[in-house]
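Structure first, then comments.
The values are calculated or read from the model by the stated rules, or taken from the named source; none is laboratory data. Source: prediction; values computed, not measured. Neighbour counts are summed over all protein chains in view; Cβ atoms, including those assigned to glycine, are modelled from backbone coordinates with ideal geometry. Ligands, DNA and RNA are stripped out before the accessible areas are found, and what is left, the full protein with its side chains, is counted by its heavy atoms. Shrake-Rupley method; radii C 1.70, N 1.55, O 1.52, S 1.80 Å.
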Amino acid sequence: MAVQSTTIDRKLAERPPASLWRDAFERLLRNRLAILGAVIVLLLILLAVFGPFITPYEYSQTDTQLVREARGPANPGEAGHLFGTDILGRDLLSRIMDGARISMTVALVVQVTVLLIGVPIGALAGWFGGRIDNLLMRFTDITYAFPDLLFIILLTVVFKDTWFGGAMDGLLLVFVAIGIVSWVGVARLVRGQMLSLKETEYVEAARAIGVPDRKIVTRHLLPNAIGPIIVAVTLGIPGAILAEALLAFIGIGANPPRASWGTLITDGQTWMSSEPHLLLFPAIAIALALLSFTFLGDGLRDALDPKLKGKQ
Amino acid sequence: MWRRTSLGVITSLALVLAACGEGGSPSAAPASGQSAAPTQDMDPDQTLVLASGATDPPTLDPNLAQDTSSVQVLSSVQRPLLWFTPELELTTEGGLAESYEISPDGQTITFTLREGIAYSNGDPIVAEDFVFSWRRALDPRTAAPYAYVLADVVGAGDVLDMAGAEDPPGDNAIEEALDGLGLSAVDERTFEVSLSRPAAYFLFVATIWITVPIQESWVEIGEDFTEAENYVSSGPFMLETWAHDEEITLVPNPNWYGEAPLLETIRLTIGADPDGVYRQYQNGEVDISAVPGANAEQVRNDPELSAQAVTGDVLCTYYLGFDQDPDDGDESPVQNQALRHAISQAIDTQGLIDTVRQGIGRPADSFIPVGMPGHEDYGFGLGYDLDAAQTNLETALQELELDSASDISLTLGVNADAGHEPIMEFIQANLQQDLGINVEIEAQEWSVYLQTLAENPQDMYRLGWCADYPHPNNWLYDVWSCDTARGGYCNEEMDEILAQAQITPELEDQLPLYEQAQQMLVEDAPAAWIYWYGRFTLVKPYVQGLVPTAADSSLGDMFMDQVWISPRDEA
Amino acid sequence: MTTYIIRRVAWLIPVVFVVSVITFLLMHAAPGTPFQPVSDRPLPPAVIERLEEQFGLNEPIYIQYVNWVGNILQGDLGPSYRIRGRGVSDIIADNMWASVQLGTMSFALAVILGIPLGVIAALRQNKWPDYLSTFISVIGIATPSFVLAVLLVLIFSVTLHWFPTSGWRGPEYWVLPVVALSGYGIAQVARYTRASMLEVTRRDYVRTAQSKGLKERSIVTVHMLRNAFIPVVTILGPLLAGLITGSFVVESVFAIPGIGRFFVDAIFQRDYGLIMAVTLLYAVLIAVMNLVVDVAYAWIDPRIRYS
């Protein structure tokens, strides 16, 4: 199914210039917020890829002397640290830049996992209905009925000592675990859309003239369902980043001295009243990422909606 | 007591009570034994509100309790045979024994109970209750974590061995072994303990919460005998309510033999973590709170808050153990003594206190902390010394036949919570940046970490130790003897010295032996000593008569009967 | 419809069975034992073995499972492995109520604020109400609940002294936790409502209705809301279930004796009995919520037919 949906993309993309994708792109360009979001997302991605080459300091580089003199973490702007330092004298800006890597990877890994599992299952269930729907939905129920935290914690503990558990300072396992518990929403959403759409006149018409099921689903239903899927994925990225932060709060995350934004926020939270910059900057970083993904997602949604064609 | 050392935020024993900053601490009365009970100037509401733990105390069964929040309650609602003075000397004052006598061979201790003492339910406290309690604590079916403190009682060794036997013995065999214990109630008021050797420190055992008297009929109530409605207290307070996960309230025990407590109620609120407790304190919801490290500097700079601070030493040591055991499946470079010395000398412990710990605690250079008998500034500690560390590192490299420090990679184990990670990161940075050896931190959740420690610890692992009773035996023998040490450490010569100290009657004669043992321990370096805990706790100004002592599980809990509240609005 | 519901309820049994088997296996596969103390002093292995024997943890795993199922069928959730002397049913009964209260109130707040925000945003798309609504929901989503919770305490308790910092003893204790917990829910409901409303606005029948000159308000209420709710309902069920089963973060920060933090503690402490019981509870709750959602689907959108 995964392969199928990429073929759709390609097929749609290969359509003549007048196609809805080009219109969509033009509409997207007119949406200033979405463009702002896209730019920031792009910057974050660049930061994630090239960050380590441009950070002012190594993220794990400590400076005890500085902390001693400052009688605490250095404040923003002090001693060449734009965002200040933490209690070990580590440059907060560098740590946030490194954290961008982690958060961008969360976004990617979790959402890819979610889409790969959720969309096919939702589409199949919604379209075929009956026994297949029942079967898939019970599978969904089982997954959903699992308490997420239990599943993630146990999974990370059980597989911690495997190669998979060690990948990316232990984070890959956590991300995939988040993905595995997060796809159900998308699946149910897609199914709901399918259930609703397949009763519409144009589907009935397509059926009547003998268009094969597969074509109806991929050509008509999925593109029609894409708005909600994009909204779900957009909301899913902040959700995934936040899930990572929550796990960091509970104590499951990267091996130190690696720190995700979630870890930085968790640590910063204890300093909230005395050294607010330790919370403020990572929180702004997260908020910025979430905002830009949201704006971009919104813009995409408005732009991609085929029914908007010709409007505005 | 081994606590889940949450960096001194859960505080422990304080010996030195020093006022923070200038002006002194109005709230902490000088350690004076008995307070002069004030008749006027008392607030009409004599309720003290304290923070219990972040979770419900796991048990109030005295034989089973082992953590801070349980012991905090037990200190007030139960009493053992002996008690302490605020200066940590043993005394019968405040204990249930009126006197005790040690036989000339040092192997029999006879306790005489006070006359007319009774439980909160009105029943008399009799010697038989001590026999029952101690026997129950040792019974392998009870599975009491602290049973080992009674190991010197005649026959206790056999019983403890039973707990670890491959084929679990049947009930009959257990009963038989328990009948053989050297515990007897000669009459209602005479409790006799026979020891398998003249263990000089054993009187201290009679101060630990697991040795309080327990009525057989109380435990027979069933599983819920520790609930408030069934709870039987032998201490100055009794359990009035226990709303699980919310609040415990204590009220004076009318049958307490001593002077009645001045407080009408102690409320212990459950659920807040250390940061939360501090916020509760700021909002006037609790009367005592430790200061989180992140707020330490803020409090010092605040004239009002700093006047409420109580500081002092805490009898806990934070250390980094080395896995020297060649038999647990891996060969670690830390089996090399020179490397262990190099690591110890490369850790900037003062820097750690100044930065990560925000000035709370002291850098450690040996195991027994400041404030303990047996602690002195002996001068044989390794200390922070980068030049010496380099020299030792070179020796180690030669002995290990390695070319450079970067050939050494070590794992550093830590439980993933409670702010231990910054300390590990600090140490990691020291070792990597100054020695050039690779250190990888392995943060594990608590139960996995404990299992790792039991089976195959990391090359270096974090642990803390707090006093169960203020005697060096509880430190050197209970932690580092061949029988007890983890990480495969065993120095038979040191064990002999410790055994000698155990049967040396007077503390002053024991101390030179303990000094010798500590010197060996420092030289052997089975661990790098990181820091000794410190107290930095705020107490509302209207809390009067608080006596922080050496056996506190939380500030002042040994003498809660002397605390009172002066008018809140005046404070 | 009735047959459908009965069949779905019957399906609960295999769902719960599979969930319990997987949880049981995974839980026992995780290293650690429920008997490790919370203190720094590990229990002697002999003591742990003794305890494991007492609780039957030395039996083969399938026997343990069978025993557990046997007990459950007799209505016995078993003992807590870690908290001696307290049964699992006691613990759940003691802690469930606070979580249910907190969850229900937060859910109500999320719906009461979230839906109007979403509707207004959709009706005034790309105008300031839309931006304001988006801004509010982004704040809701962008602030991790533990930051929001602590921030609220620092402002409204520590500084202004309006509310207590923690506890769950009465209405004044409810305010901050409910606000902290519903932040994310408000945002989510608002966003889904907005997206869904926009979707519906473009449908032919709405345009038809518009062209017929009916007043905008009646179009909104009669035609749009009903249809717009379909995707929103999808998230409401899980949202309610998630809120009711407790929030570890909010319950921790506000020291609320709820099931959420108990559950997380239980997982970390390997309190097998408690883990299984809460998992079951959670599974049943989620399954019921899902059923409710599906029924609500059919009710809102008559075109959906269940057979």
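Accessible area drop of at least 40 Å² (1.4 Å probe, protein heavy atoms): which residues of region A:143-165 qualify, relative to the chain alone?
A:Y144, A:A145, A:F146, A:P147, A:L150, A:I153, A:L154, A:V157, A:V158
Determine the total buried accessible area between chain C and chain A, counting protein heavy atoms only with a 1.4 Å probe; round to the nearest 100 Å².
The contact between A and C buries close to 5500 Å².
How big is the charge dipole of chain C about its Cα centre, in debye rounded to the nearest 20, if each Lys and Arg gets +1 on its Cβ and each Asp and Glu gets -1 on its Cβ? It would help to have the intermediate numbers written out before the result.
Numbers: 23 positive and 18 negative charges, 308 e Å.
Roughly 1480 debye, rounded to the nearest 20.
Give the carbon-plus-sulfur fraction of the accessible surface of region B:187-253 in %, rounded to a whole number; probe 1.4 Å, heavy atoms of protein chains only.
It is 45 percent, rounded to a whole number.
Across region B:216-281, how large is the tail of the calculated P(r) beyond 20 Å, expressed as a percent of all Cα pairs?
That tail contains 42 percent of the Cα-Cα pairs.
Around B:T549, what is the net charge, scoring Lys/Arg as +1 and Asp/Glu as -1 over all other residues with Cβ under 11 Å from its Cβ?
-4
What FRET efficiency comes out for B:D327 versus B:L400 if R0 is 22 angstrom and r is the Cβ-Cβ distance? Round to the nearest 0.05.
About 0.70, to the nearest 0.05.
To the nearest 20 debye, what charge dipole does region B:313-534 have about its Cα centre, counting +1 at the Cβ of each Lys and Arg and -1 at the Cβ of each Asp and Glu?
700 debye
Report the relative contact order of chain C, percent, no decimals, based on alpha-carbon pairs under 8 angstrom and at least 6 residues apart.
Dividing the mean separation by the residue count of chain C yields 27 percent.
Counting residues in region C:68-108 as N, plug N into 2.2 N^0.38 Å and put the Cα Rg over that result.
Numbers: Rg = 13.4 Å, N = 41, 2.2 N^0.38 = 9.0 Å.
Relative to the rule-of-thumb radius for its length, region C:68-108 sits at 1.48.
Calculate, for the protein assembly as shown, the solvent-accessible area per residue in square angstrom, rolling a 1.4 angstrom probe over the heavy atoms of the protein chains.
Accessible area per residue: 37 Å².
Taking the Cα centroid of region C:1-74 and of region A:86-138, what is the distance between the two, rounded to the nearest whole Å?
One Cα centre to the other: 29 Å.
What Kirkwood hydrodynamic radius, in Å, does region B:147-212 give when the mean of 1/r is taken over all pairs of distinct Cα atoms and then inverted?
This gives a value of 13.0 Å.
Note the direction-averaged projected area, equal to a quarter of the hull surface, for the Cα convex hull of region B:313-534, in nm². Each step should come with its number before you reach the end.
Numbers: hull surface 46.0 nm².
Averaged projected area of region B:313-534's Cα convex hull equals 11.5 nm².
Just to check, using Stokes-Einstein with a Kirkwood Rh over alpha carbon pairs, what's the diffusion coefficient of region B:143-273 at 10 °C and 1.306 mPa s in µm²/s?
So the translational diffusion coefficient is about 89 µm²/s.
For the pair B:E523 and A:R22, how long in nm is the line joining their label points, each one 7 Å along Cα→Cβ?
So the label points at B:E523 and A:R22 sit 8.8 nm apart.
Can you count the Lys pairs in the protein assembly as shown whose Cα atoms are under 18 Å apart, with each pair 8 or more apart or on different chains?
4
In whole Å, what is the distance between the alpha-carbon centres of region C:243-303 and region A:276-292?
That distance is 29 Å.
For region B:423-571, treating each Cα as an identical point scatterer without solvent, what Debye log10 I(q)/I(0) comes out at q = 0.21 1/Å?
Once normalised to I(0) and log-transformed, intensities are -1.30.
Quick one: compute a quarter of the convex hull surface over the Cα atoms of region B:209-341 and quote it in nm².
One quarter of the hull surface, i.e. the mean projection, equals 15.3 nm².
Tell me which DSSP H helices of chain C clear both cut-offs, 24 Å or more of axial length from alpha-carbon atoms and a mean Kyte-Doolittle hydropathy of at least -1.0.
C:2-29, C:88-123, C:171-201, C:226-244, C:272-300
To one decimal place, what orientation-averaged projected area in nm² is obtained for the convex hull of the Cα set of region A:40-311?
Computed as one quarter of the Cα hull surface, the answer is 17.6 nm².
Against the longest alpha carbon principal axis of chain A, how many degrees, from 0 to 90 and to the nearest 10, is the axis of helix A:32-54 turned?
Helix A:32-54 and the main axis of chain A meet at about 50 degrees.
For region B:368-401 and region B:110-189, compute the distance between their C-alpha centroids and round to whole Å.
The distance from the Cα centre of region B:368-401 to that of region B:110-189 comes to 43 Å.
Grab the other residues whose beta carbon is less than 9 angstrom from that of B:G534, score K and R as +1, D and E as -1, and report the net.
Residues near B:G534 contribute +2 overall.
Can you give the local net charge around A:F281? Use residues other than it whose beta-carbon is closer than 15 angstrom to its beta-carbon, Lys and Arg +1, Asp and Glu -1.
The answer is -4.
State the percent of C-alpha pairs, over all pairs in region A:126-232, separated by a distance greater than 21 angstrom.
In whole percent, the long-distance tail amounts to 52.
Counting helices only, and only those DSSP H runs with n ≥ 4, report the 222 nm mean residue ellipticity of chain B as the sum of -39,500 (n - 2.57) divided by its residues, in deg cm²/dmol to the nearest 500. Intermediate results must be reported in sequence, preceding the final value.
Numbers: 17 runs with 157 residues, N = 571.
The helix-only estimate for chain B comes to -8000 deg cm²/dmol at 222 nm.
Give me the tail of P(r) for chain B as a percent: Cα-Cα pairs with distance above 35 Å.
So the portion of pairs separated by more than 35 Å is 39 percent.
Could you tell me what percent of the accessible area of region A:40-311 is made up of carbon and sulfur, with a 1.4 Å probe and every protein chain present?
66 percent
Need one number: buried accessible surface between chains B and C, 1.4 Å probe, both sides summed, DNA, RNA and ligands left out, in Å² to 100.
4000 Å²
In terms of modelled amide H atoms, which long-range or inter-chain residues lie less than 5 Å from the amide H of B:N491?
Distant-sequence amide H within range of B:N491: B:C482.
Hey, could you get me the Stokes-Einstein D for chain C, Kirkwood radius over alpha-carbon pairs, 20 °C and 1.002 mPa s, rounded to whole µm² s⁻¹?
It diffuses with D of about 96 µm²/s by this estimate.
Quick check of the Kirkwood formula: for the protein assembly as shown, what is the inverse mean of 1/r over all pairs of different Cα atoms, in Å?
32.3 Å
Nearest 100 Å² is fine: how much accessible area is buried between B and A, summed over both sides, with a 1.4 Å probe?
So the total buried area for this chain pair works out to about 2000 Å².
Taking +1 at the Cβ of each Lys and Arg and -1 at the Cβ of each Asp and Glu, which of B:L386, B:G487, B:G464 sits farthest along the dipole of region B:313-534 towards its positive end, judged by Cα position relative to the Cα centre?
B:G464
Determine the gain in length on full extension of the stretch B:N172-B:M42; use 0.36 nm per residue of separation and subtract their C-alpha separation, reporting nm with one decimal.
In short, 41.1 nm is gained.
Ratio of region C:38-168's C-alpha Rg to 2.2 N^0.38 Å, to two decimals?
1.72
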